[in-house]
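Have a look at the structure below, then the notes.
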Amino acid sequence: MQSILAELEQNNWGKVLYHEPLAKHTTWKIGGPADCLIIPHGIDQLVSTIRWLNEHNIPWTGLGRGSNMLVTDKGIRGVVIKTGGGLDFAHFDGTTVRAGAGYSFIKLAIMAGREGLSGLEFAGGIPGTVGGAVYMNAGAHGSDVSRIFKSAVIVRENGELATYGLEDMAFSYRHSILQEQKGIVVEATFQLAEGKREEIEAVYAANKGRRLSTQPLQLASCGSVFRNPTGDFAARLIQEAGLKGLRVGAAEVSTQHANFIINTGQAKAEDVLTLIEQIKHTVKDRYGVDLVPEVLVMGER
């Protein structure tokens, strides 16, 4: 495969890195190497890369900011395509905004507030990119992406570009159709509403402040590890089970927020996976509740 990928590098569609540690590309700062990491320059290069990989039967995996994923210690085989270059734009037109997949979701919310547009206040403190937010239907404070989503341009697995509307995305709690149908978000359009800039920015600031005071955002993590069960909170169950501060290797259940697992130094993916299983078993035994991980586990086991 190395010789084939050398040909891909000559196409000059983006930056090509071999045996790249994916710990450098995830917010958990955990993960083994990708056989090859490609960062396309823009949409055309992204499409060309995927089509070329398909023609040569080389498996590929999409990656954004890596804020909601755990890459295994053995890493990911084949090619990892990281979006960002040429996809970090945002254009406002009336009450709609079209943003590239690589654009910061937090920055988009700030820019919307400055434009006097309401709808993205819930994003205060949510890490990651627009593409990742759409992929996971990111949400907080009683709202999520599906509430403002209008459309998205997707590169399908076969390399074709397609536009998905709200119904096409099949959004549900922290879920979209892209978790079943392989594809990469290129850009998304959101429908916002006119509002008063001061009020919008105040709500955003309050949401961000609440996160900063209750979550260990200054430490390496993936955000919330488990989905909230219906009518309850995963953090409450984990805390009541006495699991705050529980450690496996360098992975630790945060003492600040029980639904966060932090990397205290050189944590391995297996440390995190073992901790996740211990949490699941303890909560199930004590409360009869099956906690479902929100984080995506990717790579060779």
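The values are calculated or read from the model by the stated rules, or taken from the named source; none is laboratory data. What you see is a predicted model, and the numbers here were worked out from it, not measured in a lab. Glycine also receives a Cβ, built like all others from the backbone with ideal geometry; neighbour counts cover every protein chain displayed. The protein model used for the area step is the full one, side chains on, heavy atoms only, and it has no ligands, DNA or RNA in it. Shrake-Rupley method; radii C 1.70, N 1.55, O 1.52, S 1.80 Å.
Laid out as a table, the results:
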| quantity | calculated |
| --- | --- |
| Close pairs (6 angstrom Cβ cut-off, 6 or more residues apart or separate chains): free of Cβ contacts under 8 Å to residues at least 60 places away in the same chain in the stretch 207-222, in a loop (DSSP other than H, G, I, E, B) anywhere | Thr214/His257; Pro216/Ser254; Pro216/Gln256; Pro216/Phe260 |
| Top-ranked residue of the stretch 265-279 - restricted to ones that are in contact (Cβ under 8 Å) with a residue 40 or more places away in the chain and out of contact with any Ser or Thr (no Cβ under 7 Å at 6 or more places or on another chain), ranked as surrounded by the fewest Cβ atoms within 10 Å (Cβ to Cβ) | Glu270 |
| Any hit, the stretch 109-118, residues being in contact (Cβ under 8 Å) with a residue 24 or more places away in the chain, assigned to a strand (DSSP E or B) and not hydrophobic (A, V, I, L, M, F, W, C) | yes |
| Enumeration of residues in the stretch 22-58 that are open to solvent by 20 Å² or more (accessible area, probe 1.4 Å), among the polar types (S, T, N, Q) and over 19 Å from the mean Cα position of the chain (by Cα) | Gln45, Ser48, Asn54, Asn57 |
| Test: residue in the stretch 201-211 that is touching a strand residue (DSSP E or B) at 6+ places or on another chain (Cβ under 6 Å) and either loosely packed, with under 13 Cβ neighbours inside 10 Å or under 19 Å from Ala123 (Cβ atoms) (or both) | no |
| Leading residue by the ranking (surrounded by the fewest Cβ atoms within 10 Å (Cβ to Cβ)) among those in the stretch 120-139 that are on the phi > 0 side of the Ramachandran plot and out of contact with any strand residue (DSSP E or B) (no Cβ under 7 Å at 6 or more places or on another chain) | Gly125 |
| Scan of the stretch 218-253 for residues that are within 29 Å of Ser172 (Cα to Cα), surrounded by fewer than 21 Cβ atoms within 10 Å (Cβ to Cβ) and touching a Leu at 6+ places or on another chain (Cβ under 8 Å), ordered by number | Arg227, Pro229 |
| Sole exception among (1) β-branched (Val, Ile, Thr); (2) over 30 Å from Gly288 (Cα atoms); (3) assigned to a loop (DSSP other than H, G, I, E, B) for Thr230, by number | (2) |
| The stretch 168-200: number of residues that are surrounded by fewer than 17 Cβ atoms within 10 Å (Cβ to Cβ), more than 27 Å from His41 (Cα to Cα) and touching a Lys or Arg at 6+ places or on another chain (Cβ under 9 Å) | 3 |
| Matching residues, the stretch 13-59, being polar (S, T, N, Q) and within 27 Å of Gln218 (Cα to Cα) | Thr26, Thr27 |
| Residue list for the stretch 152-191, restricted to those being of a type in the set (A, V, I, L, M) and closer than 16 Å to Ala138 by Cβ | Ala152, Leu166, Met169, Ala170, Ile177, Leu178, Val185, Ala188 |
| Residue match in the stretch 84-100 (condition: among the aromatic types (Phe, Trp, Tyr), more than 15 Å from the chain's Cα centre (by Cα) and part of a loop (DSSP other than H, G, I, E, B)) | yes |
| Flag if Thr61 is closer than 30 Å to Glu252 by Cα and either surrounded by fewer than 17 Cβ atoms within 10 Å (Cβ to Cβ) or among the β-branched types (Val, Ile, Thr) (or both) | yes |
